[in-house]
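Worksheet: the structure to be examined is printed underneath.
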Amino acid sequence: MIEWVAPRRRPLPRQPITLLALAWLLLVVAVAALAPLLPVADPQAIDSLHALQPPGIAHVLGTDFLGRDILARLLWGGRWTLQMGGLALSLAIGIGLPLGLAAGSGGGRVDALLMRLVDAWLAFPPLLLAMAVVAILGTGLVSVAVAVGIAAVPPYARVARSIAREVRAQPYIEAAWSIGCSPWRIAVRHVFPNALPSLVAFTATQLGWLLLNGAALNFLGLGAPLGVPEWGSMLAEGRGYLRAAPWASGFPGLALTLTVLAANLVGDGLQEALG
Amino acid sequence: MRRFTILFALLVAIIPACAARPGDRLVYGLTLAPSGIDPHVNASSELGIPLTAVYDTLVYQDLSCNCFVAGLAERWEVSDDGLVYTFYLRQDIVFHDGIPFDAEAVRYNLERITSDDLASQKARFMLGPYDHAEVVDDYTIRIYLGEPFTPLLDALSQVYLGMASPAALAEWGEEYQLHQVGTGPYIFAEYVPGDHLLLRRNPDYAWGPEIYANETAQVEEIEFRFFVDPATRSPALETGEVQVMGEIPPQDASRLSESDDFAIVPAAVPGVSLMLFMNTARPPLDDVLVRQALLYGTDRQAIVTAIFADTSPVAYGPLAAATLGYEPAVQGMYPYNAERAADLLERAGWSDSDGDGIRDREGEPLVLDLYLMSWGYMPEIGQMAAAQWRAIGVDTVSQVVSYPEALSIASEGTHHLIPFTLSGSDPDILRKFFHSQALFNWSGVNDPEMDFWLEEAAQLGDRQQRVALYSRVQRQVMQQALVIPIRDYVNLNGISRRVQGLRFDAQGWFPQLIDVTLEDR
């Protein structure tokens, strides 16, 4: 006797906080994409006579220690951060998902082998692993994305595996087997669609971590070239001026916090809506 | 009643111990946790900040007369050919471990420093053409040189050539840096690498040089702690965690100096200014017109104002103004003039033919590789300079690299521009950078005339003649436009106003801790 208990679902329209978070993420993406078209100052224009100006009419969010407009740098900085995040996410999914699904569906020796590999991978703290990769590849957008993406593979593989195993044990899969469906058909028609909601939710949460790790690398000076606006490096540059000009690192910090928070909230919301 | 008597007696015994003056312990913030602090072995300036009080040197430099005065040696003679230095030592000196100081101790120290096994990073090189030392009698030592070397006394006045107890050196061997023993006003009490270093007053000290105001140290204990992150320095001072803090960031300095509780003690550091070396061996910087254009196109005053809040002087030549032999004539040489710069670039054949804002010649855009180290405000300076050069049509590709990377880039000569700065009180420091065979010849200069001046000046005994030669070198460096000087180094020391008498020696880096007192407040 098998009892089917439906999980409590809450559709997205009934989750105001998730919607708000989603709106913020979309806004950040839109602004980053449209940054060259927006009527803001040149983010790299140095004006040392107007350094460390507080937020005001001329500079809505103030200026940094070289007199560069914080708002412009924030908008342009999101561009770098999000491109990096997107690239890193694709990489993490591209490697982690097949790895996890193969382990989860294959089982037995394949599972044991792949999961020991992932365990070894997981033994390195993600940021340390990312720093090591940057040290090998050099700095820049692509290498930071690769570094952060590679460091994010193991959790992906782990989650994909457990979801695949969970779905594989469901009675409807057994039923599909027994009526003679091919393994391919089972994987595509039954396992994948049923695993998708959990994976989507996990992906949104993971995006937050990727952005944070990318910003951390930039904070350490291992990311964007000198002078190119990026949230993590803005945070680092403004840190020495916390007393004199809290806005210089406060606003990039706020933008980063809100974006990571929004990604996590969207992840949780999707889990509830789709799970 | 009897019990009370005992209690009372106990209290009487305890009270004096508790009544130690609050001025008895000073906490001093250092800005780097050096990987090694044996002054004979390691090279950092930070090690000298505490250890200058642990060791005495044979001679001292007196800033008031710009001359050398007696230290462990009460007098000395130099042979006419400049090859033999004879030092007559004081006879009343004992090391912290109770062993008397004598000529044999000096010989032992010099032998240690110059032995190949020690792999000295600085002290060995400061001795220049040192050949050997000879003990004449218990309190007379002779140093023999391979060739005349006038900067020797300057070297012997620095902590890197401080005299350590031979017994301690022999006992501890490679671990000596954790158990240092000198003859100075403070005793090396405890060192936990990366955490703290503790000095305790030497009550027997009575042989200080005349540049010290006090006979013995005034503060019972001085603890040194490390504050590597610049952003943590002024908060540590303002919360009372430390009473002295080196290298306060310029943006925090004005706030501290306006406050009633704190003050800034600026110490000008002699040596070579912070400057960008232009690689004359790599086109297009092989063209002196392009190099001069970059000098005219760099608004140094704006950089010093924006990044250093006008706390350090603008540099105009290779030597900092606080250095012996500084040539003031370099000051007028390259005033900021963007039009002049553009003009020079036009004359060199670089003009913007495709209208993209960057000059080009024969289809090649004018792009320079700029490498920067992450410390010393170099990334900030690089960004500002790059923006100024962009205005005259010169593009740059900037990259921040680690110190070892910078060293290999500069020695391979794959850079166009790379910054450096080094402290030192003798102008012989120029030889490290502008001699064709120099290790730090990052401008790729090969000027036989300048080589000759630099070699000659290191050997001449007469100060006037030396200064005249160094003056020529400085003018030549700037006429040939080998470097873009940015600023002279000034160490902004933040202190609590309870701290009195903090002064720095001729090197600019090292405090004379014996004269520091801590007032009650």
Fraction of the pair-distance distribution of chain B above 41 Å, Cα-Cα pairs, percent:
27 percent
Which value in deg cm²/dmol, rounded to the nearest 500, describes the helix-derived mean residue ellipticity at 222 nm for the protein assembly as shown, given -39,500 (n - 2.57) per DSSP H run of n ≥ 4 and division by the residue count?
-13500 deg cm²/dmol
Just to verify a number: FRET efficiency for B:SER408 and B:ASP24, C-beta to C-beta distance, R0 = 41 Å, to 0.05?
0.25
Residues of region B:371-394 losing 30 Å² or more of accessible area relative to the isolated chain, 1.4 Å probe, heavy atoms only?
B:GLU380, B:GLN383, B:MET384
Probe radius 1.4 Å, ligands and nucleic acids ignored: give me the carbon and sulfur share of the accessible area of region B:57-172 as a rounded percent.
47 percent
What does the accessible area per residue of the protein assembly as shown come to in Å², with a 1.4 Å probe and no ligands, DNA or RNA counted?
44 Å²
Debye-sum result for the protein assembly as shown in log10 I(q)/I(0), which assumes one identical scatterer on each alpha carbon, at q = 0.08 Å⁻¹
-0.84
Taking the Cα atoms only, what angle lies between the long axis of helix B:403-412 and the longest principal axis of chain B, rounded to 10 degrees?
40 degrees
Share of accessible surface on carbon and sulfur in region B:368-469, whole %, 1.4 Å probe and ligands ignored, is 52 percent
Residue by residue, what Karplus-based ³J(HN,Hα) values in Hz, rounded to whole numbers, does region B:323-331 have, using 6.51, -1.76 and 1.60 with θ = phi - 60° and x for Gly and Pro?
8, 4, x, 4, 9, x, 4, 5, 4
With a Förster distance of 25 angstrom and the Cβ-Cβ distance between B:ASP354 and B:VAL288, calculated FRET efficiency to the nearest 0.05 equals 0.45
Looking at region A:13-56, residues buried by 40 Å² or more relative to their chain on its own, accessible surface at probe 1.4 Å, turn out to be A:ILE46, A:SER48
Fraction of beta bridges assigned by DSSP in region B:323-446 that are antiparallel (%, nearest 5):
25 percent
With a Förster distance of 51 angstrom and the Cβ-Cβ distance between B:HIS196 and B:ALA338, calculated FRET efficiency to the nearest 0.05 equals 0.50
Contact order relative to length of region B:271-488, as percent, for alpha carbon pairs under 8 angstrom and 6 or more apart:
37 percent
Segment B:SER374-B:LEU178, length gained on full extension (0.36 nm per residue, minus Cα span)
67.6 nm
Average Cα contact separation per residue, region B:57-172, under 8 Å, 6 or more apart, as relative contact order %:
31 percent
Place a +1 charge on the Cβ of each Lys and Arg in region B:323-438 and a -1 charge on the Cβ of each Asp and Glu, then give the dipole magnitude about the Cα centre in debye, rounded to the nearest 20.
380 debye
For B:LEU454, what charge total do you get from the other residues with a beta carbon under 15 Å from its beta carbon, if Lys and Arg give +1 and Asp and Glu give -1?
-4
Charge tally in the Cβ shell below 12 Å around B:ILE409, where Lys, Arg are +1 and Asp, Glu are -1, B:ILE409 excluded
-2
Carbon plus sulfur fraction of accessible area for region B:268-325, probe 1.4 Å, in percent:
53 percent
Rounded to 5, percent antiparallel among DSSP beta bridges of chain B:
80 percent
Below 12 angstrom from the Cβ of B:ALA253, what's the summed charge of the other residues (Lys, Arg +1; Asp, Glu -1)?
-1
Using C-alpha positions alone, give me the convex hull volume of chain A per residue in cubic angstrom.
153 Å³
Accessible area buried between chains A and B, both sides summed, probe 1.4 Å, in Å² to nearest 100
1300 Å²
Among B:235-241, B:272-278, B:304-310, how do they line up by average Cβ neighbours within 10 Å per residue, starting with the highest?
B:272-278, B:304-310, B:235-241
Averaged over B:82-88, number of beta-carbon atoms from partner chains that fall within 10 Å
0
Normalised by the number of residues in chain A, what is the relative contact order in percent for Cα pairs under 8 Å and 6+ residues apart?
26 percent
Quick one: which of A:40-46, A:217-223 comes out on top by average Cβ neighbours within 10 Å, and what's the full order, highest first?
A:217-223, A:40-46
Have a look at region A:200-241 and report residues whose accessible surface goes down by 30 Å² or more when the remaining protein chains are included, against the chain on its own, probe 1.4 Å, ligands and DNA/RNA excluded.
A:LEU226, A:ARG239, A:GLY240, A:TYR241
Peptides ranked, highest mean first, by Cβ atoms within 10 Å: ranges B:71-79, A:264-272, B:359-367:
A:264-272, B:71-79, B:359-367
Farthest towards the positive end of the dipole of the protein assembly as shown, among B:LEU47, B:GLY355, A:VAL191 and with Cβ unit charges of +1 on Lys and Arg and -1 on Asp and Glu, lies the Cα of A:VAL191
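The values are calculated or read from the model by the stated rules, or taken from the named source; none is laboratory data. Because the structure is a prediction, the values reported are computed rather than measured. All Cβ positions, glycine included, derive from the backbone under ideal geometry; neighbour counts span all protein chains shown. Note: accessible area is taken over every heavy atom of the protein model, side chains too, but ligands, DNA and RNA are not part of it. Shrake-Rupley method; radii C 1.70, N 1.55, O 1.52, S 1.80 Å.
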